[in-house]
Amino acid sequence: CFVMTTYREQMELAAKAAGLVGYRYVPECEAMMRDRPGSSLGYWPGPWNPRADSGDALRLAVRAGIWVHPGEHDEYVEAVGVSTVYVPPGNDREAATRLAIFRAAVEIGRSMP
């Protein structure tokens, strides 16, 4: 079950699942930005937003151990982490895939201490 939280909280939980350290949420960008130079774990050179950037979403899936699978008949995208997340693809399968990864990562981050 996907618990509703603010977008900021969701981004922070997804960043936690990815192991990002030294990042903070910047509302103007709707992204996580590096807080301090030299953060070695989870370094991304610019804004980090797996909801909007396919590269960020893929790196998030790899780091968080999320398995992504398109539906057999293109009716959904499935992301498996702590829980399974289904997202109907609509007209944009890439956006649906990013959203499924993001939601799975939020649940992983929520389950972490």
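Listed values, structure above:
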quantity: For LEU60, solvent-accessible area (1.4 Å; no DNA, RNA or ligand), Å²; calculated: 0 Å²
quantity: Gain in span if fully extended, ARG24 to GLU78, counting 0.36 nm per residue against the direct Cα distance; calculated: 16.6 nm
quantity: Computed E for ARG8/LEU58 - FRET, C-beta separation, R0 30 angstrom, nearest 0.05; calculated: 0.85
quantity: Accessible-area ranking of THR6, THR97, largest first, probe 1.4 Å; calculated: THR6, THR97
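The values are calculated or read from the model by the stated rules, or taken from the named source; none is laboratory data. All of these numbers come straight from a predicted model, not from anything done at the bench. Ideal geometry is used to build each Cβ from the backbone, glycine not excepted, and the neighbour counts take in all protein chains shown. Quick note on the areas: whole protein, heavy atoms, side chains included, nothing else; ligands and nucleic acids left out. Shrake-Rupley method; radii C 1.70, N 1.55, O 1.52, S 1.80 Å.
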